[in-house]
1. Obtain the radius of gyration and the Kirkwood radius of chain B from its C-alpha atoms and give Rg over Rh.
2. Shielding of A:253-262 by partners, i.e. mean partner chain Cβ atoms within 10 Å per residue?
3. Which residue, A:280, A:162, A:139, has the most motion in a Gaussian network model of chain A that connects Cα atoms within less than 10 Å?
4. For A:67, B:128, which order do you get if you count the other beta carbons within 10 Å of each Cβ and list the fewest first?
5. How long are the three semi-axes of the equivalent ellipsoid of the range B:1-54, in whole Å, if each is the root of 5 times an eigenvalue of the C-alpha gyration tensor, listed from largest down?
6. Fewest to most neighbouring Cβ within 10 Å: what's the order for B:18, B:159?
7. Could you identify which residue out of B:178, B:165, B:198 has the top mean-square fluctuation in a GNM of chain B using Cα springs shorter than 10 Å?
8. Per residue, how big is the convex hull around the C-alpha atoms of the range A:125-227? Give it to me in cubic angstrom, could you?
């Protein structure tokens, strides 16, 4: 009897104490990507201290993962019902996480927020977080595929003016063919296994006025003339590029560029530090992604959005953190890629990148990849079509027609089962 | 005749050298890469010997912002404890399977081996839920327990063959001389299977040292990650820090090399010596 009484007392005490603790302090679990730069880790710590000064009752617990493990960890944790409260997700995972019910719409928070406004962020990044009319994430950082990195010596060697890089598709091809000999090439394409090649082919299609899916993301438009022409151009570039592009990854092509084997290379703005580290002697510059004679240079967005999980016990606190982390002042300091907040991006680019105006302009017009919860499957169909085209297994028209049919089936399958 | 022997020897040497080159080449490239600055890593044509060798990659692996040293300690801890437990269980269990007759022995042994047929991916979800219910997610214990699921059967199975290799007569002689069964086991048999114990623990250590999937699934905190998971810190979303990655890979290999060197000596010398003198 005495024992039971004592036990009851202890239990009561525990409940009271933990109840008090909950009322006073909140602990937010936040998952981010691992950053290698010491400076950035320091900046994150400082920003966190600032947040805790603003909201002393909110504790933030960071857990970081390297890119390769990040998606698996998030999916396992979310599926097991034990996700973090807040995390960043790749733009192309955003619809998947939204459709699975892992993350919550943020429209109400945004409507009431004095700080988070749509127009403060790159529109392509903002729209990447919208799924079926609702906003599921706030853009954190961005990148654009692609800019044209070029080696000025290649231009000089063939009598071209290195200050006049190619603007149009035709100029890119012609200059590239001048640089192409048995030993060196105009550019290095890549397919590999990742999503980079889709970003490149999408950018070619966007620049040519086309799209991958229609406006409602319900029908594939890859068999339309803009896409067909874009892929025909991509195929043509095979002639000014070293063999092996299907097996090659963007990293391999990058190495060909820094080793001085190719004169031009399509890659995002974040590659600058790596070019400098691997080829400190190279006289390189950056130009906009080439456009068709009658088109506009439009790149493809990459980047990360901040999301709040349905299972988060303290959603208001989570929102406060998202608001803080994506604000101009903080976003600029804690991001390794270009910040998604436009003002922060300008400051960041001016401070950390060469050719900031070109990059900014390319970011401002960039478009996001198709919004579809099963995007990885869609991307694989696209990649297979690109591979068939480059390996001469199918004509461009045929490959894209097949891909369109497959993607339409995928879309139908997905939307009819909901 | 002599000539024929000579050409035979030369061929053997030739193939041995070829094999060594084949096996060692990737490792040599790793070492070379780990000693190069980024601008020397991907040149065309490539070369093995760095023009300006640097230890920067190694310093960066242990430098500020890197958790490598912590990962190393974690791996060492988890692998050593798992190995000790496996060995403790396996010496008794495998002796039993080798020497003692008991009902259901064969079926139990087959079941033990059968557990090895399950792909790890199939048991990871139930294990995750069990660990979750036991509140063991994100603890070293979750790793050690799950490593036992696949390493105990391997350990028992490996060690059993070493016990079978010890002549029964030695034990019988010890019993006649007045030893109890346990004394015979402990004083006579165990010293004879020491090489087997070494080989088994080395094998179990390798298994757990390199385990990736459980380590990825059960551990969240950065401070508790093990090496196979942690080494991905050097692989970014877009670019990989090859110099650091290769330096870290070399460092990961070192304990394995050291253990193998040690075990190899035991393996060659141990078994026959003890048996003949005993």
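Each value in this text was obtained by applying a stated rule to the coordinates, not by laboratory testing. Quick caveat: nothing in here was measured; it's all calculated off a predicted structure. Ideal geometry is used to build each Cβ from the backbone, glycine not excepted, and the neighbour counts take in all protein chains shown.
1. Values: Rg = 23.7 Å, Rh = 22.2 Å.
Using only Cα positions, Rg/Rh for chain B is 1.06.
2. Values: counts 0, 3, 6, 2, 1, 6, 7, 2, 3, 0.
For peptide A:253-262, the averaged partner shielding equals 3.
3. Checking each option, the largest mean-square fluctuation is seen for A:280.
4. Details: A:67 15, B:128 20.
Fewest to most other Cβ atoms nearby, the residues stand as A:67, B:128.
5. Numbers: eigenvalues 276, 17, 13 Å².
Largest first, the range B:1-54 gives 37, 9, 8 Å.
6. Details: B:18 10, B:159 27.
The order, fewest Cβ neighbours first, is B:18, B:159.
7. Highest fluctuation among the options: B:178.
8. Values: hull volume 15.9 nm³, N = 103.
Taking the convex hull of the Cα positions in the range A:125-227, it is 154 Å³ per residue.
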